[in-house]
Amino acid sequence: GPHTCLGAGMAEVQLMTTLATIVHGVELALDSPDYVVKQALTPIPSPGFDFKVRLVRHKAEPHALSH
């Protein structure tokens, strides 16, 4: 219908903030360096089911370097 959930915008902001916080602390790489991204439309645009990343390393926390 014409109605939208009042919390939809807040949920989107929370999701992006959480994802940014997690990704900020790690270094990621494509699981296969020569992978070519294929777009899948299931149900929204996404990189496809065979898209994989791997954790290369955890980045050092700034305060951990000073001790």
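Could you list, ordered by first residue, the pairs with Cβ atoms under 9 Å in which the first is in segment 5-29 and over 22 Å from Phe51 (Cβ atoms) and the second is among the small types (Gly, Ala, Ser) and surrounded by 10 or more Cβ atoms within 10 Å (Cβ to Cβ), at least 6 apart or interchain?
Listed pairs, sorted by first residue: Cys5/Ala11.
Of all residues in segment 1-18, which are open to solvent by 90 Å² or more (accessible area, probe 1.4 Å) and either within 26 Å of Arg57 (Cα to Cα) or hydroxyl-bearing (Ser, Thr, Tyr) (or both)?
Within segment 1-18, Thr4, Gln14, Leu15, Met16 meet the criteria.
The values are calculated or read from the model by the stated rules, or taken from the named source; none is laboratory data. Everything numeric here is computed off the predicted structure, so don't read it as measured data. Heads up, the Cβs are rebuilt from the backbone with ideal geometry, glycines too, and the neighbour counts pull from every protein chain shown. Heads up: the accessible areas ignore ligands, DNA and RNA and are worked out on the full protein's heavy atoms, side chains in. Shrake-Rupley method; radii C 1.70, N 1.55, O 1.52, S 1.80 Å.
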